[in-house]
Amino acid sequence: MIKVEHLTKKFGKNEVLCNISTVIAKGEVVSIIGPSGSGKSTFLRCINMLETPTSGKIVIDNQDLTDSKTPVNKMRQRIGMVFQHFHLFPHLTVIENLTYAPMKAKGVNKQVAVEKARELLKRVGLSEKETAFPNSLSGGQKQRVAIARALAMEPELMLFDEPTSALDPEMVKEVLDVMKDLAKSGMTMVVVTHEMGFAREVADRILFLDHGVLLEEGKPAEFFSNPKTARAKDFLDKIL
Ligand code: ADP
Ligand code: MG
């Protein structure tokens with residue numbers, strides 16, 4: 001579904017992603033792990049063109065997003081993104097957060113958007129919060145709303161950038177459970193996370209980034225029990 005070909009990203013002289021190539025299949029769950037500053041967020045942001053690659057290609061269903069002829073906004077509607085700090089619209093209620101983009105960007109009529117939103121709120125366990133404003137919710141609830149909001153656009157691919165890093169420990173599980181359900185439903189997911197339990201249990205594949213280099217790529221069982229590089233061993237020793 002997604003081909004990343006020789007992706008390089010520089011900020012000035014700082015090469016943040018160095019010649020990364022990988023293929024992500026439909027329905028695959030890929031976890032990206034690596035030290036802070038290794039380029040994980042930049043990698044996600046390049047996949048949906050929030051950052052423009054310096055060179056290389058991002059190909060989704062045979063359309064190269066780096067090609068100036070590709071309608072990037074249309075393509076981006078097919079990609080949901082969930083951030084560490086939720087980024088909900090503070091002045092909109094929960095259900096308005098979910099219906100806004102489908103109505104505005106896709107022209108979905110209100111009744112259909114609301115029905116879909118209710119279905120999604122049920123799915124993330126927040127039906128009773130329909131008319132609440134984001135600032136009245138806990139972190140875990142906010143993040144579940146953010147996931148539901150991304151799903152309201154019916155994306156084919158979901159990107160998660162450390163979705164549980166800003167949460168109090170007791171709220172991590174409720175968000176990971178929603179993500180696990182989503183993985184089970186067959187969603188294609190790329191997840192930057194420090195939750196090694198999630199990566200080990202849910203991911204089909206691990207990408208280990210270090211200084212912008214894709215140092216290791218493999219099945220979780222292999223990666224966690226037998227990392228090939230000293231850098232990955234060292235990283236795992238520090239966090240496990
Ligand atoms: P990670 O998510 O793995 O912590 P990032 O992708 O956020 O890493 O950052 C990788 C490197 O790119 C860091 O050195 C960071 O300072 C740099 N960087 C990220 N975004 C920008 C930007 N907009 N401008 C300049 N440098 C950036
Ligand atoms: Mg990051």
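The values are calculated or read from the model by the stated rules, or taken from the named source; none is laboratory data. Source: prediction; values computed, not measured. Positions of Cβ are generated from backbone atoms using ideal geometry, with glycine treated the same way; all protein chains shown enter the neighbour counts. Calculation scope for accessible area: heavy atoms of the full protein, side chains included, ligands and nucleic acids excluded. Shrake-Rupley method; radii C 1.70, N 1.55, O 1.52, S 1.80 Å.
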Selection from the stretch 41-65 of residues that are near ligand 1 (Cβ under 9 Å from one of its atoms) and over 13 Å from the mean Cα position of the chain (by Cα): 51
Checked 104, 9, 74 against criteria (of a type in the set (Lys, Arg), over 17 Å from the mean Cα position of the chain (by Cα), outside any loop (DSSP other than H, G, I, E, B) and within 16 Å of ligand 1 (Cβ to nearest atom)); the one match is 9
From the set of residues in the stretch 83-99 that are assigned to a helix (DSSP H, G or I) and in contact (Cβ under 8 Å) with a residue 40 or more places away in the chain, which is nearest to residue 136 (Cα to Cα)? 94
Residue hits (the stretch 157-201; part of a loop (DSSP other than H, G, I, E, B) and crowded, with 16+ Cβ neighbours inside 10 Å) are 162, 163, 164, 167, 187, 193, 195
Counted residues in the stretch 65-88 being over 19 Å from residue 154 (Cα atoms) and open to solvent by 30 Å² or more (accessible area, probe 1.4 Å) come to 6
Being out of contact with any strand residue (DSSP E or B) (no Cβ under 8 Å at 6 or more places or on another chain), of a type in the set (S, T, N, Q) and open to solvent by 50 Å² or more (accessible area, probe 1.4 Å), is that true of even one residue in the stretch 136-152? yes
All positions within the stretch 39-71 that are among the polar types (S, T, N, Q), out of contact with any Ser or Thr (no Cβ under 6 Å at 6 or more places or on another chain) and assigned to a loop (DSSP other than H, G, I, E, B): 48, 52, 62, 66, 68, 70
Given the criteria away from ligand 1 (no atom under 16 Å from the Cβ) and part of a loop (DSSP other than H, G, I, E, B), does residue 21 qualify? no
Of the listed residues (38, 31), the one being within 12 Å of ligand 1 (Cβ to nearest atom), open to solvent by less than 30 Å² (accessible area, probe 1.4 Å) and among the hydroxyl-bearing types (Ser, Thr, Tyr) is 38
Can you tell me which of (1) touching a residue at least 12 places away in the same chain (Cβ under 8 Å); (2) among the hydroxyl-bearing types (Ser, Thr, Tyr); (3) in a loop (DSSP other than H, G, I, E, B); (4) within 16 Å of ligand 2 (Cβ to nearest atom) is the one residue 36 doesn't meet? (1)
Can you name the condition, by its number, that residue 11 falls short on among (1) touching a residue at least 12 places away in the same chain (Cβ under 8 Å); (2) within 16 Å of ligand 2 (Cβ to nearest atom); (3) open to solvent by 30 Å² or more (accessible area, probe 1.4 Å)? (1)
Restricting to the stretch 119-134, count the residues that are more than 16 Å from residue 171 (Cβ to Cβ), open to solvent by 40 Å² or more (accessible area, probe 1.4 Å) and in a helix (DSSP H, G or I). 5
